[in-house]
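If you scroll down you'll find the structure; I have some questions about it.
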Amino acid sequence: MLYTLNGYDTHAHAYLICRFGHCLLIDPNFDYDEIIDKLGDYILDGILLTHAHHDHVALIHQFHVPIYIHSDDAALLFEDRYNGFSNDFKRPYQRKQLDIKIIEDGMKIPLADHEVTVIHTPGHTKGSVCFLYQKYLFTGDTLFKNSVGRHDLYSGNLFDLKRSILKLIGTLDDNLTVLPGHDDKTTIRNERKSNPFYLKWKKQGKI
């Protein structure tokens with residue numbers, strides 16, 4: 001079961017994936033009450049973070065479950081000069097509140113009798129990841145419909161982003177539904193045919 005909690009201009013989408021009464025929450029950013037409503041009587045086993053920017057993580061302290069984040073973005077959760085928190089929007093969590101679990105490329109995170117696979121996709125941030133679960137690919141701010149994420153923020157890198165996009169679109173199954181951190185969903189098939197960044201970078205050859 002999949003629930004999408006749509007973000008607004010200043011927030012990312014959050015996603016809740018559930019199986020046999022257990023759930024994982026991806027990028028909890030706003031509207032705690034809606035998340036709780038969707039959870040109902042289900043058990044939340046953990047939070048998965050695609051990266052550490054403020055518009056993806058603002059509620060991570062509210063659920064008291066393990067928080068899975070790539071090693072290259074774990075420190076960014078607390079570096080307010082770079083993660084987007086500010087005097088006007090102060091970071092609502094402290095390190096001592098969080099049960100952080102470090103993830104790496106290829107790791108499997110269990111959900112009932114299935115698993116979520118971690119795909120390291122640096123470029124937007126050094127520790128950006130995508131999560132592959134069944135027919136869904138949760139891409140955070142790495143891949144969007146006919147677009148890609150920014151690479152000009154702290155720890156972002158254009159060459160890494162190119163490699164990540166070529167890896168995702170060039171190697172994953174056509175039928176995967178892509179669920180990004182912002183804007184509309186898409187498919188790998190659509191991105192392989194029409195994403196201008198992928199088409200340009202593919203033409204340029206391997207990096």
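No value in this document is a laboratory result; all are computed from the given coordinates. Keep in mind the model is a prediction, meaning the values are calculated, not measured. Every residue, glycine as well, gets a Cβ built from its backbone with ideal geometry; the counts of neighbours run over all protein chains shown.
Out of all DSSP beta bridges in the chain, what portion is antiparallel? Express it as a percent rounded to 5.
Of all bridge pairs located within the chain, approximately 60 percent are antiparallel.
In terms of the Cα gyration tensor, with a ≥ b ≥ c the square roots of its eigenvalues, is the stretch 1-153 rounded because a/c is under 1.5, prolate because a/b exceeds b/c, or oblate?
Rounded, since a/c falls under 1.5.
Select from F197, F20, F85 the residue whose mean-square fluctuation is largest in a Gaussian network model of the chain (Cα-Cα springs shorter than 10 Å).
The residue with the greatest mean-square fluctuation here is F20.
So which trypsin sites (Lys or Arg not before Pro) in the stretch 1-100 end up in coil per DSSP with only 14 or fewer other C-beta atoms within 10 Å?
Those that pass, being in a loop and sparsely packed, are K90.
For a quick check, take a GNM of the chain with Cα springs below 10 Å and name the residue from D37, D141, D183 with the largest mean-square fluctuation.
In the Gaussian network model the winner is D37.
Most fluctuating residue of G127, G40, G84 in a GNM of the chain with Cα springs under 10 Å: which is it?
G40
A further question on this structure: Once the cut-off is 12 Å, how many percent of the Cα-Cα pairs in the stretch 1-58 end up in the long-distance tail?
62 percent
Next up: Mean residue ellipticity at 222 nm from the helices of the chain, using -39,500 (n - 2.57) per DSSP H segment of n ≥ 4 over the full residue count, to the nearest 500 deg cm²/dmol?
-6000 deg cm²/dmol
Can I ask one more? For each cysteine in the chain, check whether another cysteine's C-beta sits under 4.7 Å from its C-beta; list those where none does.
Result for the chain is C130, no neighbouring Cys Cβ within the cutoff.
Enumerate the residues in the stretch 108-136 having an amide nitrogen under 14 Å from the point lying 7 Å beyond the Cα of D173 toward its Cβ.
Those under the cut-off are 115-117, 132-136.
Pairs to check: K135/K202; K145/K202; K108/K145; K96/K126; K108/K200; K145/K167. Give those whose C-alpha atoms are more than 21 Å from each other in this structure.
Too far apart for the 21 Å limit: K135/K202; K108/K145; K96/K126; K108/K200.
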